[in-house]
Every structure is written in C-alpha cells, then in structure tokens.
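A.B. asks: Take a look at this one; I'll ask things after.
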There are 2 protein chains.
Amino acid sequence: MPDTPSDAQSRGTDHAAKMAKKAAARDKIMATKTEEKGLIIVHTGKGKGKSSAAFTMIFRCIAHGMGCAVVQFIKGGMDTGERRLIEDRFGDLCQFHTMGEGFTWITQDKARDMAMAEAGWETAKRLIRDPAVRMVLLDEINVALRYGYLDLDAVLAFLAHDKPADTHVVLTGRNAADALIDAADLVTEMTLVKHPFRAGVKAQPGVEY
Amino acid sequence: MPDTPSDAQSRGTDHAAKMAKKAAARDKIMATKTEEKGLIIVHTGKGKGKSSAAFTMIFRCIAHGMGCAVVQFIKGGMDTGERRLIEDRFGDLCQFHTMGEGFTWITQDKARDMAMAEAGWETAKRLIRDPAVRMVLLDEINVALRYGYLDLDAVLAFLAHDKPADTHVVLTGRNAADALIDAADLVTEMTLVKHPFRAGVKAQPGVEY
C-alpha cells in the first residue's frame, strides 16, 4: 500500500529527531577533544592497508604543507607508485629514504640486513628530531624489530624521551610488539577477511604497488 | 661470552639457508598468481584506515598514469587534504565527486540524503562504465547502504553484470553488508585497538584529514 502523506511526514519527523539527537551527542563528545599532540600510531595485523593507510596520512601532510618523511625498512627494493609520486612531485615537502633491499628473504645476508636496519634507524632518529618534519612514517619497521634487526628497547626509549611533542610517528608492519602497542596512542589492526591471491590473481598496479 | 667466529659463521649460514627456503617458497606461490582482473575491494570495520588505505590505491593509479575516480557518499562536506591534493594537482587523471553534505546526522533530512545518495550512485555507474577509468573509489558507500539510502541488490547486480572486467571498484565504510563481502575479491577489516580520542585528543591535520 502506498504511503499516505501523514505516514511519510511522521517518518520524516522521526528521522530528523533521531539525527538531531545523534548530532547533539556527537557535538558533546567532540567538545571534550581539545588536545593537540604528536601521536605514536601503529598499523599492524595480517591484512592489507597497513602501509597504504599510513601513506594517505603522508599525502595529507603534503596537502597541508607540513614537512614529513618516510623511512622504508623492508620494501626498499620495490618501485612503488606512492614512492615515485612523492619523490617526483613532492620531494620538497617529504623526504623519502629506503633502507632495505626488497623483502628480507631475498637478501639471505643477516649481517647486511642488520646494518641496513641500523642505518635506517639512525636516519629515522635524525628526521624525528628535525623540527621541520611533523610526521615520520617508519614503514615496515615492525618486521625489522620482529627479526631482531633493531633493538626494541632502544626504539621505545627514543620515542618516549626524544620525540618532539608535536611530531607524529607512524610505525607499520605485522606483529607489532606488545610493548610498542602499549606505548602507542592510536593502534589499528588490519585483518584479512578475503584475499584474491587465493584465487590466483597476481599483484596489480594501482592495487598493490 | 663473545661469539667465536665459527658461532657467528654458523648462525649466518643458518639464516641464509632459512631465508633461501622462504624465498623459494614465495617464488613458488607467486608463480601461480598469473591472472589480472578488476577487483571488487571492500574496506570495513570500526577501525581507522578504511578510506586512507583506499586513497593510497588512488594515488598509486595516479602514479601509474591510470585514470581513476572518487565518489564520496557521506564525507562530502569535509575539506580534506587528500581531496584538495587530488583536485588541485591530479584533476586530469582523477575525477572527484562529493555527493554527501557532511555526515548524515548533520542534515536531518532523510529525503535529501536519499536523493544525494542516488545521485552519487548514478555518477558512480557512469564512471565505472567509462573505459578510461580503471579504478573507482566509492567512499563511505557502506554507510549509505546501511541506512537504506541505496538499494543493495541494485548495487550488487551492477557490480556483477555491468562492471568492466579490468576495472577495480573499492567500497569503504563500516558495516559492509554480508552479501557485498560475499561478492568481493579482497576484503579487509580495520579493527580499532586503541584510539587517542579516548584520551581527549582532537582530530588533527595530517592524521585525520
């Protein structure tokens, strides 16, 4: 049976009232969020999107004219679209350092991997301390920590004591250490629900790189 | 006790052997991934990063010179960094359409929200059919579907029958419908582990917008 005008009007009024209530509740909550601070942000989990979500934060910094930087600990060997775009178009705002030699299992040289990771961490410390840099993305650092290529306690101590108060540091990679999650302000776990590799689909430009 | 050279050498050999085995296993798996196809990709869950991870895929397309497009169903009222960057710098490769008027609970007008969502979907269909467009991001469409502003069956039927085979479509937002997850090739759930709003920290440029 078609709606009578009064039915529709009644539903419209209910909807408006419900949404007004939501808006009021939201305003009340948001009014309590007044602090600005540099965050320690962690993206972990087995799903996709850990680095991708971090790179959009880098693009947001670029859009706002905020200095930022990327240090890639593991994926350095890959020619990715985001790297090319940042280096070619926004190198003035965003420094890009790649420390790894592709995925670690390709190099088969632990001493070299460890030296690379240490060099990456030295670069990262310099960038985090730099007052012109407002966000530093430490891409795949969790993997370097997990393999023992970097010392977790040293990284946590630096973040706790040497990170400038208004600088954001984003750490990505699977298997984030519990102590890092404890130290972080914002932690998201990317969970794999369904992946096309299982159906024989290869990595494709735009989607994976 | 310090390592003797032979200890270190032995561990180095073990590591190289382990990594060589991993590399061989990975190569074997990757060799089976030969298909290229346009994917239906869903980012859902209560955590952050759903839209952010999708936007890096858009930036990857831009980097590869692939035409792409964004239709925002809900966040249209926000001036975000990623939107400004794409519109100002990459408008030739990426069309950007905002259909909503900010979050729905601000408008309090269901009829208007529904009309907006329908207009967004008409634009989305045109873009998905366009052979020059290789990826279409339907940002926050899950929210429009959840509120009943769009017809789920119509959206699924279009994706199944009218999407060109090599076009990627990315659908974001909380509460993705089960039928959409069934239809998708790649699904990631972003899970909230820890959020700084709880500690009174407000949304900040670079991080949230």
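Each value in this text was obtained by applying a stated rule to the coordinates, not by laboratory testing. On a predicted model such as this, the values are computed, not experimentally measured, just so you know. For neighbour counting, all protein chains shown are included, and Cβ atoms are generated from backbone atoms with ideal geometry for every residue, glycine included.
A.B. asks: In nm, give the distance between the simple-model label positions of A:HIS161 and A:ARG89, each being 7 Å from the Cα along the Cα-to-Cβ direction.
C.D. replies: Distance between label points: 4.2 nm.
A.B. asks: Less than 12 Å from a label point 7 Å out along the Cα-to-Cβ axis of A:GLU35: which backbone N atoms in the range A:173-189 qualify, by residue?
C.D. replies: Hits in the range A:173-189 for A:GLU35 at 12 Å: A:185-186.
A.B. asks: Please report how far the C-alpha centroid of the range A:135-209 lies from that of the range B:133-209, rounded to the nearest whole angstrom.
C.D. replies: So the two Cα centres are separated by 23 Å.
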